[in-house]
Amino acid sequence: MVGFAPTAEQEAIRDLAHEVAIEQLRPLARVAEAEGGIPATLLQVLDETGLAAPFPEGPGGSGILDAVTLALVTEELGFGDGGLAVAVVGRWLGQLALSLVGTVEQRQMHLAYRDTAMPIAVALAEEAGGLDPSTVSTTARAVGPAYALDGAKYAVLHGTTARQHIVLANLAPELGPAGLRLFLVPADAQGLVAVADERPLGLRAAPMARLQLSGVRVPADARLGHGGDSATATLRLLSLYVILLSGVAVGISRAALEYSVSYAQTRIQFGRPIAAFQGVAFLGADMAMNLDAAQLMLWRAAAAWDNGDSGWALARAAYRKAHAVATQVTADAIQILGGAGFMEDHPLELWMRDAAALAALGE
Amino acid sequence: MIGMELTDTQRMVQEYAHQLAVEEMRPISLECDRTEQIPETYFWRMKRRAPGGAEGLVSLAGRGTGGDKGREEIARDEAQGAFLSVLVNEEMAWGDAALSTAIPGPGLAYPPIRSFGSPEQQRRFLSIYQDEGLHWGALALSEPGVGSDVASIATTATLDGDEYVLNGTKHYITNGARADLVIVFATVDKRLGRAGIKPFVVPRGAPGFLVGRIEKKMGLRASQTAELIFDHCRIPKDNLLAGSDRDRAGGFKAAMGTLDATRPMVGALGTGIARAAYEMVSEWVRQELPRGYPFRRRHLLDDELATLGHEIDAARLLVWRAAWMADQRMPNSKEASMAKAYAGALVMRVTAAAVRIMAPAEPGPPKWFVEKWFRDAKVFDIFEGTAQIQRVVISRRLFGEMAAQE
């Protein structure tokens, strides 16, 4: 069915996320940026509202796992603050990986991580190919009953604070993406080194790390899921991750558009609000139009994912659009504010840096 | 609910329209463009296969489902007329946008008659389109001195006994010289400004109604673009579309309301041309790229084409949303303008890229098609409100009425 209106349930959770975004994420943004993480007060709010894990499975989880709902939620969180939104998505990832790919036992075993302050870090991207499933060069080799992992991962959210990692590697490189598997790797495993990215451009509330894996041994039951099905499920996890990042990008864009619109309505120059000038008004029109295009691409990708599509091509298209729009719209919003937009008094310089920094995660 | 999957009925309508595009339009497209003529057989075939134009096509395809289920589907289709129209329009433009404008039927005259005609007027003016002959309709808004500034219409209508007397010149009128009736926007009193503008139905053959020049154009050459002259043209008093008199700004609203309805359709046409060019250039790159084409340039091409493909999808989604909102009876001027502006810019971008990429191609149909579409494309940034006017509409929804006054 073609439709452009969220269901009542989706609207309810979106409204909740919007409220948390305005009341918590927005005011905490600068603090979180300085501290490089999610403030404890916000963690508590996320737990109380169910936004810490807005999907099913066991204690602590709430709601349903559908990509459209999660896309709506991430858009709102991104509207509040891009860095915190990405940090929250990073905390979801481990549970999403267990839900989508893991066996029942694996899910049970790792439920504990849901309640701790330290989430599971999921290492998906690589420097060379980003998230592209056909370019994963980290390998897993069967060594007796165990596996040995070798390679390097990049842009791993919470990579230096997590006690547990889930690492994407290829068990059968000759099969291409069909060989992709996820492996549970404890943070203290021999041969695993995590290095935090220093002085990142943006998204500082969501610190990222690079992982180096040199002959890291993990037992047989560290592999998530069973059999070939897990390759499909892994691809769906990648797609969902890209959809969530796109949601954040759309949210950042909307924040920047709204902020610059209200500024243009009240800023007086030449005796009238600057919105009265076509040079400003038309820029705003283009920002709004491109933002809507990005949002619709995102909704299409999410709806397809919910229909069981592996979703990679559509998610990828949505991400490319959302990221391009976020980069453009945040810069244009600063343009509307003029010199003021360049100052740290306004959040636009933060949003422009955050939008640009999303490239590390989604490319 | 949020979803982008077509229902079976919608898909069927789309496929039927595509089939017409493939069978009736593409084979004669280049020749019609070259000669600026459309063979009479095309009109008869489309009359038979798509009676009533896009509107009729929708109900015809609906009937094709057969049985009670079919009737049910049609009943539901009435609530998705705008959506089905944009599906059909994209396919028609994929075939040939110029030929799609010439499908017999009331065309652009339909929305104002439908929205502002009394039941009696609807019967009187629309019944001929049900008969066996070839009939067209047209809408006359633009004048030599009136483009984007619709409120400054100079054509006058003066009541004289039981008749209105029209004076003025309209131009750029699609199907103007073959229309059985033309909706003419004229002012009954210039001092009233917008409130004085009213829609009149002028039948072909009305005394004082003359066809002037037929324009020669860069693109959409098979589409007939006429100048219409009203020199003391007399029409019956009750040819004023009645509903437009209900409130003071009724006539102007009729004109603007027409645009809200047609902009998503124009966006769909632009999307269809963009898709046609994208498909043809992609196929050429796959099959015909010159031997020895540098690998690095090939890689850049693939990337560019992938981006254009995504942008076509984005344009289509904006068009779909605007049409869906119209069917939900939601105000959609902003979204309609977004759809039109986005698709208008995109079709230029895609066709220009196709012409550039296919420059080394041998002269012949694939190349001539993309060159035709490139020539056709530019007007999508202009008619039904220029790219700038769309931005005025969007920005006023965004910032309020203060926007873009200067």
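The values are calculated or read from the model by the stated rules, or taken from the named source; none is laboratory data. Quantities reported herein were computed from a predicted structural model and do not represent experimental measurements. Virtual Cβ from ideal backbone geometry, glycine too; neighbours counted across all protein chains shown.
Residue B:328 falls short on exactly one of the conditions (1) in contact (Cβ under 8 Å) with a residue 24 or more places away in the chain; (2) under 18 Å from residue B:265 (Cβ atoms); (3) not aromatic (Phe, Trp, Tyr), and that condition is (1). If only residues of the stretch A:311-333 that are farther than 16 Å from residue A:244 by Cβ and in contact (Cβ under 8 Å) with a residue 60 or more places away in the chain are counted, the one that is farthest from the other protein chains (Cβ to nearest Cβ) is A:330.
Of the listed requirements (1) surrounded by 24 or more Cβ atoms within 10 Å (Cβ to Cβ); (2) part of a helix (DSSP H, G or I), residue A:283 misses just one: (1). Assessment of the stretch A:39-47 against the conditions (more than 16 Å from the chain's Cα centre (by Cα), of a type in the set (A, V, I, L, M, F, W, C) and within 14 Å of chain B (Cβ to nearest Cβ)) yields no matching residue. Taking the criterion of being without any contact (Cβ under 8 Å) to a residue 12 or more places away in the chain and surrounded by fewer than 23 Cβ atoms within 10 Å (Cβ to Cβ), the only residue of the stretch B:383-398 that qualifies is B:396. Kindly state which strands (runs of 3 or more DSSP E) lie completely within the stretch A:101-182 and contain at least 1 residues that are touching a Phe, Trp or Tyr at 6+ places or on another chain (Cβ under 9 Å) and under 30 Å from residue A:35 (Cα atoms). In the stretch A:101-182, A:120-123, A:164-170 are the strands (runs of 3 or more DSSP E) which contain 1 or more residues that are touching a Phe, Trp or Tyr at 6+ places or on another chain (Cβ under 9 Å) and under 30 Å from residue A:35 (Cα atoms). Looking across the stretch B:383-398 at every residue that is facing chain A (nearest Cβ under 8 Å) and among the polar types (S, T, N, Q), the one that is farthest from the chain's Cα centre (by Cα) is identified as B:395.
Out of the residues in the stretch B:115-141 meeting the condition of being buried (at least 18 other Cβ atoms within 10 Å of the Cβ) and out of contact with any helix residue (DSSP H, G or I) (no Cβ under 7 Å at 6 or more places or on another chain), tell me which one is modelled with the lowest pLDDT. Result: B:129.
For residue B:356, the conditions (1) in a helix (DSSP H, G or I); (2) within 28 Å of residue B:174 (Cβ to Cβ); (3) away from every other protein chain (no Cβ under 14 Å) are fulfilled apart from (2). Only residues in the stretch B:1-24 that are more than 11 Å from chain A (Cβ to nearest Cβ) count as the first member; pair them with residues that are part of a loop (DSSP other than H, G, I, E, B), Cβ under 6 angstrom, at least 6 apart or cross-chain, and list the lot. Going by the 6 Å Cβ cut-off, there are no qualifying pairs. For the stretch B:302-321, the tally of residues that are facing chain A (nearest Cβ under 8 Å) and either in contact with a Ser or Thr (Cβ under 6 Å, 6 or more places away or on another chain) or among the polar types (S, T, N, Q) (or both) stands at 2.
Working only within the stretch A:252-276, note down all residues that are touching a Leu at 6+ places or on another chain (Cβ under 8 Å) and within 11 Å of chain B (Cβ to nearest Cβ). Once the filter is applied, which keeps residues that are touching a Leu at 6+ places or on another chain (Cβ under 8 Å) and within 11 Å of chain B (Cβ to nearest Cβ), the stretch A:252-276 yields A:257, A:260, A:261, A:263. Somewhere in the stretch B:325-335, is a residue crowded, with 24+ Cβ neighbours inside 10 Å, at pLDDT 95 or above and in a helix (DSSP H, G or I)? Looking for residues that are crowded, with 24+ Cβ neighbours inside 10 Å, at pLDDT 95 or above and in a helix (DSSP H, G or I), one finds at least one in the stretch B:325-335, hence yes.
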